[in-house]
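So the structure is just underneath, and the comments pick up after that.
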Amino acid sequence: MELRNIHRKQIYIFITLSILLAVFCTVLLLQAHAGALLKVTWSKDQALPEIHLAAGETIKGWEKDDIVYFFLPTHASAHKISLDANLKWASADASQSSSQYDTIRELLRYDHKGNPIDTINVCFKHSENLHTIYIHLADSIDAISKDNFIEADIKVVNPQGDIEYNMPHNLIKGRGNSTWGLEKKPYYIKLEEKAGLCGMEPDRKWLLLANSFEATKISNKLFYDFSKQAGLAFSADSQWVDLYINGEFRGNYLLCEKIDVGTNRVDIANLEQENETIYETYEPYTEDSVRGYLTDKPSLPSNITGGYIIEKDVTIEDSPCGFVTEHKNRFVITSPDNASLQEVFYIKSCFQNVENLVEQQDIRVLQYIDADSFAKRFLIEEIALNSDAFITSCYFYKERNDNKIYAGPIWDFDSILGESDSVDQEASGNVWLNYDETTVLAMDINRATSAALNWDEQLYYIPAYQEFLKETYQALLPQAEMLLYEQIDTHADYIRQSVAMDSIRWNYAENQAGHYTSFDNNVRYLKFFLAKRLAFLNKRFGLEAFPYEDTIECSHKITCITENGQIDFSVADGSFLNINELPAYNKEKYAGWHYAWDLTPVSEYLPVYEDITLYLDTLDN
């Protein structure tokens, strides 16, 4: 009986301790999710203060204009921020308002004797709605290059604070062409194992797009989603994230699926994988119009009709596999990137056949292309007025045992809707700001280099295809209107706080990202330009006029800094500057009027949404 009572007591104690442990763990979890445990430290070894999160991450302060900013992720929404023992707020009010963001507070640091030794102004900024990606490297961030992968620990945390992925031995490298040369760089990551990040389908390969040319950070995702809604197969999924590398906030990024062959990507036959299992040796082969590999088993695999992913690019010299057609169009074979010469010659013959028929405007070309995907991709490029359209990042794919070439997925939509400054703005009517231009039908005006693929231009003049194009546009128009009237504003509200942090961290004017100083005005311009594009396309296809009103009853001050002083005048909101009506200047000395904010020439296509300062740029600049 006594042993039985002892056994019961032990069971009772075990159950009680288990309940207490569960309660303790639940409290810790709730505190972590509430972001209640944040601590600021600033030791003598730290140049700037740091903040330590409950989840174990450390975020470094970022100094700009004598203010140290702490960029807090969504999951670290703090109700209380504690200070290390050697720190105090200069004002008692500051300690009471520590859960408030965007206010500048003075922080004091003391030595071990209690004497003040340093003071600094700090400001807490806070993201909303977004997942957070933490990347930790053994070396500094400067170790990341485009040439080679390096190892990285990667953690992905959702907005509620739950860890969705946390693994060592991942890989990271740089990516991009012109964007890699910018301060805020894009990245390519390979996970240690397949994972579905931020609610997207599982895969190992992911891209982090910096969107450095976008002031709103909306355009890429807006049109990737639009292409998916339009029914363009294998359109890339994407989600905005806040990125931290080695504790440093790197900004608002778009985590995006990579265009690659796979079940959750471009779901076609994996010829690249088949090649890997068959060939033992590869020897690179290069001539003027073909790049590929000589292999030890040239007759295999037996079926080389697919699948292929092909990118129209400006060169094939930087890729192991590719070809140049008779009309000097350059195509990179992105998959299989281990293509044998037989495979290269096969897919080149398919593209050459289409090109020959297109150049003759021969209706038989519709037997060898998928008209639906070609029409949709062309219209999406047109609606966006994409300055990269049909030059680079222009993808096609071909499936096995299918004689048709398909257009898509779309890619690289960060220089659209008037965002691009890639053409001389002082030329009459810079086409990328002129919403009454087109990416294809005015190609000779748009691109003096003749680097663009002209297939869609030639297809447009086949009557049956032109009629099909009109029908496709009419079917897409309601979805395009949804972008204008709903999705742009929804996206803007969703990422507003993250972009606010990004705009402090990076110099938008330096990259000529956006045409206005405020996020809301750049969003407004995005909608204005989209509405103008739809109006233009409605007119081209003989449809009813597209109505759009965007007026605010106010005026804006225009300040012109001249040789002799300053001239001010006011214009109505939404009006346009007439270059010929601006103050006269010495044309032998000055290149013309420029915006003081981003140093670009004044354009008559930009509506005035805010006060503007103009200055005269000298010819020797």
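The values are calculated or read from the model by the stated rules, or taken from the named source; none is laboratory data. This is a predicted model, so every value here is computed, not measured. Positions of Cβ are backbone-derived with ideal geometry, glycine not excepted, and every protein chain shown enters the neighbour counts. For accessibility, only protein heavy atoms count, side chains too; no ligands or nucleic acids. Shrake-Rupley method; radii C 1.70, N 1.55, O 1.52, S 1.80 Å.
Restricted to the stretch 338-355, and to residues there that are open to solvent by 30 Å² or more (accessible area, probe 1.4 Å) and touching a residue at least 12 places away in the same chain (Cβ under 8 Å), the residue that is nearest to the chain's Cα centre (by Cα) is Lys348.
For first residues located in the stretch 289-305 and within 14 Å of Tyr346 (Cβ to Cβ), partners that are acidic (Asp, Glu) and open to solvent by 40 Å² or more (accessible area, probe 1.4 Å) and lie 6+ apart or on another chain with Cβ distances below 6 Å form the pairs Pro301/Glu274.
Checking each residue in the stretch 89-115 for being open to solvent by 60 Å² or more (accessible area, probe 1.4 Å), modelled with pLDDT under 75 and in a loop (DSSP other than H, G, I, E, B) picks out only Gln100. Restricting attention to the stretch 543-557, the residues that are in contact (Cβ under 8 Å) with a residue 24 or more places away in the chain and assigned to a loop (DSSP other than H, G, I, E, B) total 3. Here the condition is being free of Cβ contacts under 8 Å to residues at least 60 places away in the same chain and open to solvent by less than 10 Å² (accessible area, probe 1.4 Å); of Leu232, Leu254, it holds for Leu254 alone.
I'd like the full set of residues that are of a type in the set (D, E, K, R) and either at pLDDT below 95 or farther than 24 Å from Tyr397 by Cβ (or both), limited to the stretch 275-309. Listed by number, the residues that qualify are Glu276, Glu280, Glu283, Glu287, Asp288, Asp296, Lys297.
Among the residues of the stretch 59-68, those that are part of a loop (DSSP other than H, G, I, E, B) and of a type in the set (Asp, Glu) comprise Asp65, Asp66. Gln566 fulfils the conditions (1) assigned to a strand (DSSP E or B); (2) touching a residue at least 12 places away in the same chain (Cβ under 8 Å) except for a single criterion, (2). Going residue by residue through the stretch 169-191, is there one that turns out to be out of contact with any Lys or Arg (no Cβ under 9 Å at 6 or more places or on another chain), at pLDDT 95 or above and open to solvent by 10 Å² or more (accessible area, probe 1.4 Å)? Looking through the stretch 169-191, at least one residue is out of contact with any Lys or Arg (no Cβ under 9 Å at 6 or more places or on another chain), at pLDDT 95 or above and open to solvent by 10 Å² or more (accessible area, probe 1.4 Å). Looking across Asp617, Asp598, Asp573, one residue alone is open to solvent by less than 30 Å² (accessible area, probe 1.4 Å), touching a residue at least 40 places away in the same chain (Cβ under 8 Å) and within 34 Å of the chain's Cα centre (by Cα). It is Asp598. Return yes or no: is Gly429 assigned to a loop (DSSP other than H, G, I, E, B), surrounded by fewer than 16 Cβ atoms within 10 Å (Cβ to Cβ), modelled with pLDDT under 95 and among the small types (Gly, Ala, Ser)? Yes; evaluated as a whole, the condition is true for this residue. Scanning the stretch 569-607 for residues that are of a type in the set (A, V, I, L, M) and either in a strand (DSSP E or B) or out of contact with any strand residue (DSSP E or B) (no Cβ under 6 Å at 6 or more places or on another chain) (or both) returns Val571, Ala572, Leu577, Ile579, Ala584, Ala591, Leu599, Leu606.
Taking the stretch 37-58 as the range and being out of contact with any helix residue (DSSP H, G or I) (no Cβ under 8 Å at 6 or more places or on another chain), more than 13 Å from Leu87 (Cα to Cα) and not in a loop (DSSP other than H, G, I, E, B) as the test, the residues that pass are His52, Thr58.
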